[in-house]
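Report on the following structure.
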Amino acid sequence: MSAPEILLAVNGLAKRFGAVVALRDASLELRAGEVQALMGANGAGKSTLVKILTGVFGADGGEITIRGRACRFRSPAEARDAGLVSVYQDPALVPDLTVAQNLRLARAPLDAARQWLTELGIADPDVGAFVRDLPFQTLRLIDLARALASDPSILLIDEITASLPADLSARIFAIVRHWRERGRGVIFISHRMAEVSVLCDRATVLRDGVTVGATETARGSEERIVELMLGYEVARAAADTAPTPGQPYGDAVPALEVNHLRAGRLLQDVSFALHPGEVLGIAALDGQGQEELFDCIAGVRDRDGGEIHSHGALRRFRHPADAIRAGIVLVPANRLQAMLPQRSIRENVALPSYGPLSRWGPIAMRRERGRVENAIRRLQVDTRAESELRRLSGGNQQKVMIARWLASAFKILLCFDPTRGIDIGTKRQIYALLRELAAAGSAVLLFTSELPEIRLACDRVIVLFGGRVVREMSAAEADEATLLRAAHGLVARREDAA
Amino acid sequence: MNAPAQSIRPHGPSAISLGSRFGAMLRRHTIGALILLLLAFVAGIEVARPGTVTPIWISNILLFAAPLGILAAGQTLVMLAGGIDLSVASVATASAYLMATHSSQGGSAAVLWGLGVGLLVGAVNGLGIAVLRVQPLVMTLGTGLMTEGTLIVYSQKLMASAPRVPSFIQSLGSGKVLGGVPIDLFAWIPLGFLVLIGLPRTGLGRLIYAVGDNREACELAGVRVWQVLFADYIMCGLFAAVAGLVIVGGTNAADMSLADVYLLPSVAAAIIGGTSIFGGRGGYAGSVVGALILTVLNSLLTLLDAPEPIRQILYGAIILLLAAAYTRLTD
């Protein structure tokens, strides 16, 4: 067997941002006709590597060769001309332009893009629609179609399946395989181990900005990849987060009781009780009313009907401050909503403590420092870039958002998809922390879009469909298949007839 | 989360260019860089007109910088929260005028009239911006014009008591003690320290930064953002009122366009000092140096006998250059 052509070789790439070293020694080899996974914990340098490859950043050192020729890109346009195109985690589209205008902006051939959109299952794409009016899923597909339309020889895909339903993911995989068959190369970034082992030929693993290994991705290689990503000891420790068996609650007063809650178009009628010491999972496809549910309980929006009780008292929240005073705090899905990008970790963590007027005065600096350090130590936040939160990796930003509430007092923690787009090691840390908080007497309500994760963290699950609770089960019953069926509304048996 | 054992691996081309190292140094010590710039201007003056920089000249620069510094304090506070206050000049003028026309009621009553204007306009600004969510630029432009108009009507109705600047206000705005220390520093220094220390070390200070950085995040964290903005614009109004008193003490005549020339410099001082017009980043220390730089620049242009248009061109160019430098440094 003759060795396949090396499409892309990266050698010793280095990049630093001020004092933060993002890449130290990243190397990678992509063969023609290969789909290669690029893996690593949050902050390992995957995104930086992709951005250097596509000319967004310049490298401080190292070399890139394409088909044996040394290259150095000064802009994404140069990279595109050399055949490298990427699809980013967040679609790079201008909201106030139409789809067609966006495509033209990226100099993507319109006809080809339209054809790819059809291929991706958007029959008869309306390219005259404004981007801001389109749902997020569609935007990702448009972004992908834009990339495909320029017919790149090397396609880089960053976390595209993180929020896509299974059928769309399948279509994307088909296209990736098509690219492989044509003897081209694909670099695929994903945190989903299952996807990687099905789709990719090999995986290159980064840790702390260094390539720590490349491995075949046959089934059974998952543990090997996790070990590479985390280093051995961390991987072992993180695996020890088995859920505690659920306890019976009897007549104890629930921490949170929701009765026939209704809000907006999507949330129709949801009731449940959440007890101290319990982690209650919510499973649902996108748009089944879970956003509205969390927003109502956290005081972000008012309900249209129904009741919310916490610790036995009827509540009505007109502002998040009301909910926080009642001990209910929210970690929202999109950390950009909750973080102060230009401020330090410390100010981000301490923010809620200055809400009340009575706390506007002088700050007890030493006490504050103690509380903040405690919280970020508990979450093992990487503090190398502590002076501005935007310089931290996504996973570390999310940890800071959780640390914020650890540093203040709460009784009920609402976590809305806290691990979206976060590496597996950080995920396990977050779930272990939720268990720990519950063990200490807090009540936790957790929505996660990653169904297999439910069993890791929860005692009990309720499944929402069409704005109603369609199923309730213990974590032990909640395997992925059962949850998925219920989440699609494919459940026949439901105990109460009301 | 670092793997310490293997993280210490020297890498060949790690030599960072001198330029980016200098950039990193400036990023960490922006105030230091600004002070160097200030000293460069002072040196420039001494070179252009040897013998100019004397203790008396320095004392005069401080005297003239104080009202601008006080105005810039308020401006910095609202800019950090992502806003701007274009009514400060009108408020300063109105404060001075009302104080002067009420001087017959006694010194402290007159001063209270002046501060009252600042409080009132600040509260109206705060209400519009914080509660009704009017764009700060539009809101304060409107209230500034309204203040000006009201003041003209008021001055025309006023026949009896002509405006008179009390002697203690005169010495506040133009006097010196202890062999050359301007008295207005005794207003500027305590107020300045309050802002300088209050911004990083009080709850309200932190909230001002936070609101400017991400308003939605503040709401989610349980901060009632309108309260913060309301307080912020009131403080700005009060600072403008105090500045008006200092200014009128220097000119000794309360006319209708008294503080107009200070409006854009108050914004410029904050921008030169590194406060982002989008909010969330900066601080008062920079604005203080910014106010001094602008005052020295003015003095330089006066010394060179530069005509007004040239003066404006240089003024604008320097602000643009510094703003561009900041953008490069901080992004």
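Values computed for the structure shown
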{"item": "Output for the range A:361-396, where each listed residue is in a loop (DSSP other than H, G, I, E, B), open to solvent by 40 Å² or more (accessible area, probe 1.4 Å) and more than 22 Å from A:Thr419 (Cα to Cα)", "result": "A:Ala364, A:Ser387"}
{"item": "Candidates A:Arg140, A:Arg224 - the one that is open to solvent by 30 Å² or more (accessible area, probe 1.4 Å) and either touching a strand residue (DSSP E or B) at 6+ places or on another chain (Cβ under 9 Å) or modelled with pLDDT under 75 (or both)", "result": "A:Arg224"}
{"item": "Members of the range A:177-190 that are out of contact with any Pro (no Cβ under 8 Å at 6 or more places or on another chain) and within 21 Å of A:Ala9 (Cβ to Cβ)", "result": "A:Trp179, A:Arg180, A:Arg182, A:Gly183, A:Gly185, A:Val186, A:Ile187, A:Phe188, A:Ile189"}
{"item": "A:Val87 in contact with a helix residue (DSSP H, G or I) (Cβ under 8 Å, 6 or more places away or on another chain), among the hydrophobic types (A, V, I, L, M, F, W, C) and surrounded by 17 or more Cβ atoms within 10 Å (Cβ to Cβ)", "result": "yes"}
{"item": "Filter result for B:Gln170 (under 19 Å from A:Trp360 (Cα atoms), open to solvent by 10 Å² or more (accessible area, probe 1.4 Å) and not in a loop (DSSP other than H, G, I, E, B))", "result": "no"}
{"item": "Members of the range A:305-363 that are hydroxyl-bearing (Ser, Thr, Tyr) and within 11 Å of another protein chain (Cβ to nearest Cβ)", "result": "A:Ser344, A:Ser353, A:Tyr354, A:Ser358"}
{"item": "Any hit, the range A:230-246, residues being part of a strand (DSSP E or B), within 14 Å of chain B (Cβ to nearest Cβ) and either at pLDDT 55 or above or buried (at least 17 other Cβ atoms within 10 Å of the Cβ) (or both)", "result": "no"}
{"item": "Close pairs from the range A:177-197: first open to solvent by 10 Å² or more (accessible area, probe 1.4 Å), partner basic (Lys, Arg) and outside any helix (DSSP H, G or I), Cβ under 9 Å, at least 6 apart", "result": "A:Ser197/A:Arg219"}
{"item": "Matching residues, the range B:282-331, being open to solvent by 40 Å² or more (accessible area, probe 1.4 Å) and not in a helix (DSSP H, G or I)", "result": "B:Leu304, B:Asp305, B:Pro307, B:Asp331"}
{"item": "Odd one out for B:Glu216 among (1) among the acidic types (Asp, Glu); (2) under 30 Å from A:Ala323 (Cβ atoms); (3) in a loop (DSSP other than H, G, I, E, B)", "result": "(3)"}
{"item": "Complete set of residues in the range A:376-397 that are in contact (Cβ under 8 Å) with a residue 60 or more places away in the chain and farther than 15 Å from A:Arg346 by Cβ", "result": "A:Ser393, A:Gly394, A:Gly395"}
{"item": "Residue in the range B:206-223 that is open to solvent by less than 50 Å² (accessible area, probe 1.4 Å), away from chain A (no Cβ under 14 Å), hydroxyl-bearing (Ser, Thr, Tyr) and farther than 30 Å from B:Lys176 by Cα present", "result": "no"}
{"item": "Residue among B:Gly106, B:Gly114 that is open to solvent by less than 20 Å² (accessible area, probe 1.4 Å) and either of a type in the set (Ser, Thr, Tyr) or more than 11 Å from B:Cys236 (Cβ to Cβ) (or both)", "result": "B:Gly114"}
{"item": "Unmet requirement for A:Trp405, which otherwise passes all of (1) more than 14 Å from the chain's Cα centre (by Cα); (2) open to solvent by 20 Å² or more (accessible area, probe 1.4 Å)", "result": "(2)"}
{"item": "Candidate set from the range A:267-288 (those that are open to solvent by 10 Å² or more (accessible area, probe 1.4 Å) and in contact with a Phe, Trp or Tyr (Cβ under 6 Å, 6 or more places away or on another chain)); member that is nearest to the other protein chains (Cβ to nearest Cβ)", "result": "A:Gln288"}
{"item": "Helices (runs of 4 or more DSSP H) contained in the range A:289-360 and holding at least 3 residues crowded, with 19+ Cβ neighbours inside 10 Å and either without any contact (Cβ under 8 Å) to a residue 12 or more places away in the chain or in the same structural domain as A:His260 (by TED's automatic domain parsing) (or both)", "result": "A:290-298, A:320-325, A:345-350"}
{"item": "Selection from the range B:250-266 of residues that are open to solvent by 60 Å² or more (accessible area, probe 1.4 Å) and within 10 Å of the chain's Cα centre (by Cα)", "result": "B:Leu264"}
{"item": "Residues of the range A:64-77 satisfying the condition of being out of contact with any Leu (no Cβ under 8 Å at 6 or more places or on another chain) and either open to solvent by less than 60 Å² (accessible area, probe 1.4 Å) or in a strand (DSSP E or B) (or both)", "result": "A:Arg69, A:Ala70, A:Cys71, A:Ser75, A:Ala77"}
{"item": "A:Ile454 vs. criteria open to solvent by less than 20 Å² (accessible area, probe 1.4 Å), touching a strand residue (DSSP E or B) at 6+ places or on another chain (Cβ under 6 Å) and at pLDDT below 85", "result": "yes"}
{"item": "Selected residue (only one of B:Leu196, B:Leu151, B:Leu178, B:Leu191 is at positive phi and not β-branched (Val, Ile, Thr))", "result": "B:Leu178"}
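Let's see how each residue does on (1) without any contact (Cβ under 8 Å) to a residue 60 or more places away in the chain; (2) in contact with a helix residue (DSSP H, G or I) (Cβ under 9 Å, 6 or more places away or on another chain); (3) within 30 Å of B:Ser103 (Cβ to Cβ):
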position: B:Gln170; (1), (2), (3): no, yes, yes
position: B:Leu185; (1), (2), (3): no, yes, yes
position: B:Gly205; (1), (2), (3): yes, yes, no
position: B:Ile208; (1), (2), (3): no, yes, no
position: B:Asn214; (1), (2), (3): no, yes, no
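This table checks each residue for (1) over 22 Å from A:Ser47 (Cα atoms); (2) surrounded by fewer than 24 Cβ atoms within 10 Å (Cβ to Cβ); (3) hydroxyl-bearing (Ser, Thr, Tyr); (4) at pLDDT 90 or above.
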site	(1), (2), (3), (4)
A:Ile412	yes, yes, no, yes
A:Phe416	yes, yes, no, yes
A:Ile422	no, no, no, no
A:Leu433	yes, yes, no, no
A:Leu437	yes, yes, no, no
A:Gly441	yes, yes, no, no
A:Leu445	yes, no, no, yes
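The values are calculated or read from the model by the stated rules, or taken from the named source; none is laboratory data. A quick note: this is a predicted structure, and the numbers were derived from the prediction, not measured. With ideal geometry, Cβ positions are generated from the backbone for all residues, glycine too; neighbour counts draw on all protein chains shown. Quick note on the areas: whole protein, heavy atoms, side chains included, nothing else; ligands and nucleic acids left out. Shrake-Rupley method; radii C 1.70, N 1.55, O 1.52, S 1.80 Å.
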